[in-house]
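Encoded as structure tokens, the structure appears first; notes follow it.
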Amino acid sequence: MGIDILVVDDDPLSRKITTGVLQSAGFTPITAESGEEALALVKTTVPALAVLDVLMPDMDGFELCRRLRRLPETAQIPIVILTGLKELDDRLQAYDAGADDFIPKPLEPAEFVARVKALLRRSSVIVEPVAVTPKSDNRTIAVFSLRGGSGVSTLAVNLAVGLTQIWEYKTALVDLALTNGQAALMLDVPLRNSWADLAPIPPDEMEPDLFRRVLLRHPSGLDVLATPREPELTEALVKDQVEHVLSVLKSQYEYVVIDLPHDFRDTTLAALDAADVIVLMLTPELASIQNANSALRVFDKLGYSPQQIELVLNWTFKGNGLSRAQIEKSLKRSIRVAIPNGGDAFSTAITLGKPLTYAQPESPFAALFEDLAFHWSNPIHKSTVPKSPKEGYQRVQTRIKSRKEKQK
């Protein structure tokens, strides 16, 4: 028996072309000519994936996608938007509606089938139940700055992907920038679930398996707890809920990376309290240094150990800035990590949703992020050679060996 795939398109010729391609690839298309017909159909036949045309009368594909996401039967299935529209706004609208992929017409059969198969593989991973096993060797890394534009999200995303590619252990990325988080966008994963699904639920009613249904899966294997597009959906989220969520994630994942907002609200403090390593980002300009000093004073009052805090200087602009020596003198702390100016590399990666550690693992910046991920890894993991080393681990060890040889 083939895998059922729902095709919704009011145009007979277009519908025939799409179903023909799917049949040739061994799938079983089930068709509907309108959104209402599709909604009635999935009540009795739940497809493994849905392909929706956008330009349909009465109910367009975006609205149909939103309704399918609200139905328990189809909330988790992959959804592809297939349309002649090619503008960026249309792609963003598709993802906002909960689509997993956006494929412009006319479709290229081989590419279309490949992307359908990839989505089916990813969805089979997402729905796997996960047992709750305490992780005594969990390592939680929080990335923070009081100054916007310091590169907090870029570092958090690349660290999380780097950890996933180095270790065989599981990694989760938690986006706690509740008003403007962009982790899902930076990873190009469809925003089908987010903190908005957890915000209305009291901590004692959050079942552990709920998190696997809410977390998004990146092709690298990284799981992501994303923020919603609408900030008002998380207004009810409180510190107790964040503490509980992080506690559960720390029981299920060896590594948790937290992308924090630029403030000290209660939910931020909950994450900082849970962190083993706090990465404080700063840039070589006066306002950033003043904010870094303020953050360090707060950390001291909160009783965080200086050994927990890692300063990272991110050279976000070309040209002159405060020197590293001047910054260290002002902060009365040494800076062990500096990220050189990346030019268009970072902006391109963000625009495409392709983190450098994933899309360009051999590039110098990816190497830097990967080395940082290894540096901040659990000492227990670093002291033991994996039985089957992953490619990221092998790259890190090759660079470590090369540096040692140069020092001889």
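Quick one: dipole size for region 1-40, taken about the Cα centre, charges +1 on Lys/Arg Cβ and -1 on Asp/Glu Cβ, in debye to the nearest 20.
Computed about the Cα centre, the dipole is about 260 debye.
Using alpha-carbon pairs under 8 Å, 6+ residues apart, how would you state the relative contact order of the chain in percent?
Relative contact order comes out at 16 percent.
Regarding region 4-126, what are the three Cα extents along the principal axes, ordered largest first, in Å?
31, 30, 27
List, in order, the whole-Hz ³J(HN,Hα) value for each residue of region 74-83 obtained from phi through the Karplus relation with A = 6.51, B = -1.76, C = 1.60 and θ = phi - 60°; use x for Gly and Pro.
Ordered by residue, 3J(HN,Hα) equals 10, 4, 10, 6, x, 10, 10, 8, 10, 7 Hz.
Which entries of 382/404; 239/354; 170/387; 170/390 show an alpha-carbon separation above 23 angstrom in the structure shown?
Flagged as over cut-off: 239/354.
Which value in nm describes the separation of the simple spin-label points at residue 34 and residue 375, placed 7 Å from the Cα toward the beta carbon?
6.2
Per residue, how big is the convex hull of region 1-63 when only Cα atoms are used? Give it in Å³.
Spelled out: Cα convex hull of region 1-63, divided by residues, is 71 Å³.
Restricting things to alpha carbons, tell me how big the chain is in terms of Rg and Dmax, in Å.
Radius of gyration, then largest Cα-Cα span, for the chain: 22.8, 73 Å.
Using Cα atoms only, what is the angle between the long axis of helix 12-24 and the major principal axis of the chain, expressed in degrees (0 to 90) to the nearest 10?
70
Suppose R0 equals 25 Å; then what is the FRET efficiency for residue 16 and residue 121 from their Cβ-Cβ distance, rounded to the nearest 0.05?
So the FRET efficiency works out to roughly 0.40.
Any chance you could tell me what percent of the C-alpha pair distances in region 200-327 go past 19 Å?
So the pairs more than 19 Å apart make up 59 percent of the total in region 200-327.
Pop a pseudo-label 7 angstrom from the Cα along the beta-carbon direction at both residue 230 and residue 408 and give the gap in nm to one decimal.
Distance between the two pseudo-spin positions: 6.3 nm.
When the helix-only estimate is applied to the chain (DSSP H runs of n ≥ 4, each -39,500 (n - 2.57), divided by the residue count), what is the mean residue ellipticity at 222 nm, nearest 500 deg cm²/dmol?
-13000 deg cm²/dmol
What is the spin-label model distance, in nm, from residue 333 to residue 45 if the labels are put 7 Å beyond Cα along the C-beta direction?
Here the modelled spin labels are 6.1 nm apart.
What number of lysine-lysine pairs in region 4-126 show an alpha-carbon separation below 22 angstrom, given a sequence spacing of 8 or more or placement on distinct chains?
Lysine pairs, 8 or more places apart or on different chains, close enough: 5.
Taking the chain as the reference, fit the longest principal axis to its C-alpha atoms, fit the long axis of helix 61-70 to the helix C-alpha atoms, and give the angle between the two in degrees, 0 to 90, nearest 10.
70
In debye, nearest 20: dipole of region 337-397 around its Cα centre with unit charges on the Cβ of K, R (+) and D, E (-)?
Dipole magnitude for region 337-397 comes out near 260 debye.
If you put +1 on each Lys and Arg Cβ and -1 on each Asp and Glu Cβ, how big is the dipole of the chain around its Cα centre, in Debye rounded to 20?
The dipole magnitude comes to about 2320 debye.
Relative contact order for region 193-348 using alpha-carbon pairs under 8 Å, separation at least 6, rounded to a whole percent?
Here the relative contact order equals 17 percent.
Treating the angle as unsigned and between 0 and 90°, give the value, to the nearest 10°, between the Cα long axis of helix 391-407 and the longest Cα principal axis of the chain.
20
Once fully extended, how much extra length lies between residue 320 and residue 70, figured as 0.36 nm per residue of separation less the alpha-carbon to alpha-carbon distance?
84.8 nm
FYI, it's all coordinate maths here, none of it is from the lab. This structure is a prediction, so every number in the text was calculated from the model and none was measured. Virtual Cβ from ideal backbone geometry, glycine too; neighbours counted across all protein chains shown.
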